[in-house]
Structures are given as C-alpha cells and as structure tokens.
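Novice: Before I ask anything, let me first share the structure, which is written out below as structure tokens.
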Amino acid sequence: MKHIKFNKTVCGVDFLLNVIDTDTGDADLMSEELYTTDFFQIVFVNQGKGTLLLNDQTIEIKANDVLFISQHQKHKWHFEPDSFNATFLVFQEDFLNDFFSDQYFTYRLMYFYQIDSPLFLNLPSDAKDQYISQLKEIKQELVHVQTDSVHLIRSILYYVLTKLNRTYSEEYKISATDTNNSIALQFRKLVEQNINTKQRVEDYAEMLKVSRISLNKAVKKQFNQTTAEFLKARLVYKIKMELIYSNKSIDELAMEFNFSESNHFSRFFKAQTGLTPSNYREDYQNGSS
C-alpha cells in the first residue's frame, strides 16, 4: 500500500500546510490505488462523479461535498477524471497543533478520528464557494509570503476549521462539547497512539495521573460515553480495519492487539459486533458488511 508524506519542498511553501487545486495539483492525492498519508485532508468538491473509499465507508461524490480524511486513513478514489474538480486543504497534525499553540487542536474537531458519523458534508453551493474563496486567500499568502502572512493564514484557517466543525456537529446531531476539557482530549490523543496495546481504563488513568473516576467523568462529559465504551469502540474499529485491509491471520491480529490467546480475541470481537473476526472479514469481502 502506498504511503504519501507531506513534502513542503514539492509543494513550494514554507508551512506544513497547502491548498491544492486538482487542475494544477498533485495527482498522487487523487490516486485510484489504496493509499494512506501522514497529513490531514479536507476536500471541497466543486463538481464530481464517482466514489471515495474511506476506511470502511464508500462515499458517493457529489458537487458541493466536503470530505474529511484523517492522517493514516486508508482511502482510494474512483471517479471520471473530466468530471472531477476539487480543492484540497492539507496539513500535518503537529503543524496545526503548533500553529494554534494547542497540542490537542485536531482532537477538538469532530470530523477527524470520527468512527460513528459520515466523513463528509454536503453544503449549499454558496457556502462551499465561500470556503473556496477563503482557501484561495490562504494560497495567495503561502505563495507570496509577507511579514504578516502567518497571522492572516492563522485567522482564516481557524475560522474555516471551526466553522466546519460547528456545521458538522449540527448536521450529525453531535452534542456540543467542553473545549477546555483537557483530560478528555489528552485521553483521546493517547488512545489514538496506544489502543493496539493498551485497552484498560487503568492504563490511561495511570498515564494521565488521574483517578478512574475523574477520567470517566471527563470522558463522559466530552464524548457522552464511558471510558470503557470509548476504548471498546476504538479498539473494534482498529480491528475492523486490519480485517479489511490486511492478510494477517487471526492469531497474528490477536498478538498485535495484545490478547493472550486468539480465542479471547475472537470472543471479544463477537461480543461487540455479533460476528467472529473471520466471519466479519468474509462478509466484507463478499459485500455483506
């Protein structure tokens, strides 16, 4: 599987951020083979006909769609080239967190690392056009850098990401969260980094140096789930991705996800999904899942 890394030299900018139009941009971002990236992408579709396979979701591409692709997500485009025109906003996580002096900024955005809601929005054309106009202004500052460009880019980018977050939350009825809930956001980041090997509430309470009760209270307030529910959901999702996109045996996956025996691994997965890992893989390959 191809993995694309952000290359600011190729992009011709001094930031780990870029705005790319399909007319003049990097064809690698529209590959019809399965690939991952080390950066986030928000894709504003002007016109298009086709699909985007994004992890386990197949999204029918339509004009005025906004597609949200997190770093390391597996994805593959399939579209009619002459019918597809879009603008990509791409950036690395560390850049965004540093840029806003907030190490958990990406974790405040509901459309990234999302496993429960669709990974796209469809906007009114005038709203989409307004975003495109703002991205063009960012691109202008990236190409013709001035002493105050960083401040202008920061203000526009913050508005775009935050406005999209509000619209996304309203569209999919995601409750507003406490943006200052640092324990929950630290927890979410740690889960993304460690879920393959650390799956107990105690593991994260220890890493965060808080009690189980304090952690559960913070997570429940932020995500409307208990800490255990959040961990199980994320673990099941990661296992599903391996079952779909790898050829690893059930024994190998049990070891990778820190289960002492493969039958424990299979029993856990079936308890959460109703299917054994082997059945889930077969159903997905046969188009039933």
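The values are calculated or read from the model by the stated rules, or taken from the named source; none is laboratory data. Note that this is a predicted model, so its numbers are computed, not measured. As a convention, Cβ positions derive from the backbone with ideal geometry for all residues, glycine included, and neighbour counts pool all protein chains shown.
Novice: Could you tell me whether any residue of the stretch 13-34 is at pLDDT 85 or above, in contact with a helix residue (DSSP H, G or I) (Cβ under 8 Å, 6 or more places away or on another chain) and exposed (fewer than 15 other Cβ atoms within 10 Å of the Cβ)?
Specialist: Within the stretch 13-34, one or more residues are at pLDDT 85 or above, in contact with a helix residue (DSSP H, G or I) (Cβ under 8 Å, 6 or more places away or on another chain) and exposed (fewer than 15 other Cβ atoms within 10 Å of the Cβ).
Results for (1) closer than 21 Å to His3 by Cα; (2) crowded, with 20+ Cβ neighbours inside 10 Å, shown as yes or no for each residue.
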position: Asn55; (1), (2): yes, no
position: Leu67; (1), (2): yes, yes
position: His75; (1), (2): yes, yes
position: Phe79; (1), (2): yes, no
position: Asp82; (1), (2): no, no
position: Asp94; (1), (2): yes, no
position: Leu109; (1), (2): no, yes
position: Ser125; (1), (2): no, no
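Novice: Same structure again: From the list Ser70, Ser117, Ser125, pick out the single residue that is in the same structural domain as Asn7 (by TED's automatic domain parsing) and more than 28 Å from Val236 (Cβ to Cβ).
Specialist: Just a single option satisfies the conditions, and that option is Ser125.
Novice: Still on this structure, I have one more. Looking at the stretch 255-269, which of its residues are on the phi < 0 side of the Ramachandran plot and either assigned to a loop (DSSP other than H, G, I, E, B) or surrounded by 19 or more Cβ atoms within 10 Å (Cβ to Cβ) (or both)?
Specialist: Selection gives Phe257, Phe259, Ser260, Glu261, Phe265, Ser266, Phe268, Phe269.
Novice: Is it true that Met241 is assigned to a helix (DSSP H, G or I), surrounded by fewer than 19 Cβ atoms within 10 Å (Cβ to Cβ) and within 21 Å of the chain's Cα centre (by Cα)?
Specialist: yes
Novice: Any idea how many residues of the stretch 103-126 are outside any loop (DSSP other than H, G, I, E, B) and touching a residue at least 24 places away in the same chain (Cβ under 8 Å)?
Specialist: Here the count works out to 7.
Novice: Another one. Taking helices (runs of 4 or more DSSP H) that fall entirely within the stretch 137-231, which contain at least 1 residues that are surrounded by 15 or more Cβ atoms within 10 Å (Cβ to Cβ), modelled with pLDDT of 95 or more and on the phi > 0 side of the Ramachandran plot?
Specialist: Ranges flagged: none.
Novice: Restricting to the stretch 172-221, name every residue that is of a type in the set (Phe, Trp, Tyr) and either within 23 Å of Ser117 (Cβ to Cβ) or in contact (Cβ under 8 Å) with a residue 60 or more places away in the chain (or both).
Specialist: If the condition is that a residue be of a type in the set (Phe, Trp, Tyr) and either within 23 Å of Ser117 (Cβ to Cβ) or in contact (Cβ under 8 Å) with a residue 60 or more places away in the chain (or both), then Tyr172, Phe187 are the ones that fit.
Novice: I would also like to ask the following. Residues of the stretch 244-254 being within 19 Å of Thr273 (Cβ to Cβ) and outside any helix (DSSP H, G or I), which ones?
Specialist: Ser246, Lys248, Ser249
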